[in-house]
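Colleague: Encoded as C-alpha cells, here's the structure I'll be asking about.
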Amino acid sequence: IRRAQILMLAGGFSLGDEPDGSAKFIVSVINQEKISRAIEDLLSRGGLILGICNGFQALIKSGLLPYGKLGQVTTASPTLFRNDINRHVSQMVTTTVSSTRGPWLQGMQTGDLHSIAVSHGEGKLVVSEELACELFNNGQVAFRYADPCTGEATMESPYNPNGSCYAIEGLISPNGQILGKMGHSERWEEGVFTNIAGNKKQPLFENAVNYFKH
C-alpha cells in the first residue's frame, strides 16, 4: 500500500477570511484523533507538510509551526492577525530567502528574490522579540518580505503588505519538514504573470518531489 509523502494545506476563504479565516476549520479537522495520528505518522516517516495562506494559519494555530508538533500552542506562540490596513490585500510582493534549511528550500540561496502573489485579510505574523530571535537563530525563518529595489527585508508598506513582525513571510519547522507561508507560490506557472517583473518561479513543489525521487 502506497502511503502519502506530502500533505499540503491550501488557502481558501471563509466568512470573509475573518476571524481566523478557514484556519479554525482546518485545525478542527487536524485535531481529530485519526487525522492527528496520521499527521504524526507522516512526519515520523519523513513526510513533508506545506501550508499556504489559510494553510499557513492552520499550521501556526495547530502548533505544527514553529514547533513541528501538534498541540504545542501557548500564550507565547506566534499568531496571524488582521493586516495593518485592516482590510484584504491582493497584490504581488517580493520575498527574500532567509534560510535554506530542509527539503522545501533546497537549491535556493540566502538572499534570492521571488515575486509572489498574496491575497489575504489576516496575514500579519505577530511574534515576540524573544521567540523571533530564537527562530532566526534556528534558521526557521524561511522567507521575508523585501523591498524589490534593494532586496532588503522591510517593514514598509506596501512591500510588507500586512505589517508582519520582522518582515516574516514564511516559517519552517526545526527539522525542515514543515513549511508555511502567506504568499501563493502555487499561483505561478509558465505563461502566467508575464507582465510582472522578477523571478516568479519558487520551486517548492519541485523540491518536495525531487526529495522523494532522490
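The values are calculated or read from the model by the stated rules, or taken from the named source; none is laboratory data. Predicted model, so just to flag it, every value in this text is computed and none were measured. A quick note on method: Cβ atoms are made from the backbone with ideal geometry, for glycine too, and the neighbour counts reach across all protein chains shown. Each accessible area value is taken on the protein alone, full model and side chains, heavy atoms only, with ligands, DNA and RNA left out. Shrake-Rupley method; radii C 1.70, N 1.55, O 1.52, S 1.80 Å.
Colleague: Could you say which residue among ALA38, ALA117, ALA76 is outside any helix (DSSP H, G or I), over 27 Å from LYS200 (Cα atoms) and among the aliphatic types (A, V, I, L, M)?
Modeller: On inspection, the qualifying residue turns out to be ALA76.
Colleague: Turning to a different aspect of this structure: Considering (1) part of a loop (DSSP other than H, G, I, E, B); (2) within 13 Å of the chain's Cα centre (by Cα); (3) not hydrophobic (A, V, I, L, M, F, W, C), say which one THR110 fails and leave the rest.
Modeller: The single condition THR110 does not satisfy is (2).
Colleague: Identify the residue in the range 47-77 that is open to solvent by less than 10 Å² (accessible area, probe 1.4 Å) and not hydrophobic (A, V, I, L, M, F, W, C) and, among all such residues, is farthest from SER119 (Cα to Cα). If you could, list the steps in order and put the result at the bottom.
Modeller: Looking only at the range 47-77, we keep the residues that are open to solvent by less than 10 Å² (accessible area, probe 1.4 Å), and these are 47-60, 62-66.
Those still in the list that are not hydrophobic (A, V, I, L, M, F, W, C) too: 47, 51, 54-55, 57, 62-63, 66.
Details: GLY47: 28, GLY51: 14, ASN54: 10, GLY55: 13, GLN57: 13, SER62: 22, GLY63: 23, PRO66: 22 Å.
Residue satisfying both the conditions and the ranking: GLY47.
Colleague: On to the next question. Consider only pairs whose beta carbons are under 7 Å apart and that are at least six residues apart or on different chains; among these, list those whose first residue lies in the range 114-133 and is without any contact (Cβ under 8 Å) to a residue 60 or more places away in the chain and whose second residue is among the β-branched types (Val, Ile, Thr) and open to solvent by 10 Å² or more (accessible area, probe 1.4 Å).
Modeller: Hits for this filter: VAL126/THR79.
Colleague: Which residues, taken from the range 137-192, are of a type in the set (A, V, I, L, M, F, W, C), open to solvent by less than 20 Å² (accessible area, probe 1.4 Å) and under 15 Å from ASN83 (Cβ atoms)? Before you say what the answer is, go through the steps one by one.
Modeller: If we filter the range 137-192 for residues that are of a type in the set (A, V, I, L, M, F, W, C), which is where we start, we get 141-143, 146, 149, 153, 155, 165, 167-168, 171-172, 178-179, 182, 188, 192.
Adding the requirement that they be open to solvent by less than 20 Å² (accessible area, probe 1.4 Å) leaves 141-143, 146, 167-168, 171-172, 178-179, 182.
ALA167, ILE168, MET182, listed by residue number.
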